[in-house]
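Student: Structure below; questions to follow.
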Amino acid sequence: MSIPVKLEVFEGPLDLLLHLIDKNKIDIYDIPIVLITEQYLDYIKQMETEDMNVMSEFLVMAATLLDIKSKMLLPKEEDENEEEEDPRAELVQKLLEYKMYKYMSYELKDLQDHAAKSFYRQEHMPQEVKEYRPPVDYEELVGDATLAKLNEIFQFMLKRQEDKIDPVRSTFGKIEKEEIDLDRKENYVKDYLKTHKQCSFKQLLEKQHSKMEVIVTFMLILELMKVGQITIKQDHLFDDILITAI
């Protein structure tokens with residue numbers, strides 16, 4: 001028994017199988033695989049398409065049906081411990097899923113068609129109405145609050161803000177990097193010593209303009225003394241240090 005069908009009415013092999021099941025009034029959970037396979041193969045023979053992608057999908061399903069048919073025709077192995085698996089189970093699951101999605105697509109299409117029939121009136125409101133804001137009743141807004149109560153609330157909020165301040169980190173100052181040209185400072189110290197021959201260490205440091213310059217100058221004096229370009233002398237403890245150029 002075969003049923004002539006047309007390719008253009010089906011969207012794929014599963015769609016064709018659902019058509020054959022509905023046409024023969026078959027229970028989808030108990031598909032007579034021999035009958036359905038024969039009708040499906042009759043359809044494959046009538047196909048006229050040059051699209052190999054479409055053709056391959058139908059051929060894959062045909063191979064699947066033949067595989068299920070062969071398993072159904074083989075004698076069943078009796079095993080009391082394990083329940084026998086139906087070869088059609090996977091195909092039935094795919095058909096049920098496809099049927100569900102197909103009906104959902106119909107519902108979405110109906111919603112789309114219904115929405116296309118709805119029209120909405122565009123908003124048209126005078127500008128003065130859009131810009132209108134109801135007046136504020138300040139007496140109602142303040143209520144029974146007095147100046148004393150408002151000041152109490154204000155002081156409370158200030159106290160809360162003060163409590164949020166970190167007593168340690170809030171006193172940190174901003175650390176700025178001071179750029180010192182070491183070569184320029186070295187030339188300055190050497191020229192100063194050549195000019196004065198002998199000078200007071202205290203006076204030399206007092207001519208510096210920042211703490212960083214004092215540190216750099218002190219390091220330069222130690223370096224010059226190390227390489228033997230100057231000598232230092234201090235007659236008594238806590239006396240001023242005298243620097244002499246060699």
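The values are calculated or read from the model by the stated rules, or taken from the named source; none is laboratory data. Since the structure is predicted, the reported quantities are computational estimates derived from the model, not experimental observations. So basically every Cβ, Gly included, is an ideal-geometry build from the backbone, and we count neighbours across all protein chains shown.
Student: With the structure loaded, tell me whether I36 is out of contact with any Gly (no Cβ under 9 Å at 6 or more places or on another chain), in a helix (DSSP H, G or I), modelled with pLDDT under 80 and on the phi < 0 side of the Ramachandran plot or whether it fails that test.
Tutor: Criteria not met by I36.
Student: Moving to a separate point now. Restricting to region 98-121, name every residue that is assigned to a loop (DSSP other than H, G, I, E, B) and in contact (Cβ under 8 Å) with a residue 12 or more places away in the chain.
Tutor: None; the set is empty.
Student: For region 122-159, which residues satisfy the criterion of being at pLDDT 75 or above and outside any helix (DSSP H, G or I)?
Tutor: Q122, E123, H124, M125, P126, E131, Y132, R133, P134, P135, V136, D137
Student: If we keep just the residues of region 19-33 that are outside any loop (DSSP other than H, G, I, E, B) and touching a residue at least 40 places away in the same chain (Cβ under 8 Å), which is surrounded by the most Cβ atoms within 10 Å (Cβ to Cβ)?
Tutor: In this case the residue turns out to be I33.
Student: Taking the criterion of being more than 17 Å from E186 (Cβ to Cβ), in contact (Cβ under 8 Å) with a residue 12 or more places away in the chain and touching a Lys or Arg at 6+ places or on another chain (Cβ under 7 Å), would at least one residue in region 219-240 satisfy it?
Tutor: yes
Student: Then there is this: Say we look at region 177-195 and pick out the residues that are without any contact (Cβ under 8 Å) to a residue 24 or more places away in the chain and surrounded by 14 or more Cβ atoms within 10 Å (Cβ to Cβ); which of these is farthest from I241 (Cα to Cα)?
Tutor: Among them, the one singled out is Y188.
Student: Here's a follow-up. Does D86 satisfy the criteria of being out of contact with any Asp or Glu (no Cβ under 9 Å at 6 or more places or on another chain), surrounded by 10 or more Cβ atoms within 10 Å (Cβ to Cβ) and more than 17 Å from I68 (Cβ to Cβ)?
Tutor: no
Student: Going through region 212-246 one residue at a time, which ones are in contact with a helix residue (DSSP H, G or I) (Cβ under 6 Å, 6 or more places away or on another chain) and modelled with pLDDT under 80?
Tutor: D240, the sole residue that qualifies.
Student: State all residues of region 222-246 that are in a loop (DSSP other than H, G, I, E, B) and among the polar types (S, T, N, Q); if no residue qualifies, say none.
Tutor: Q229, Q234
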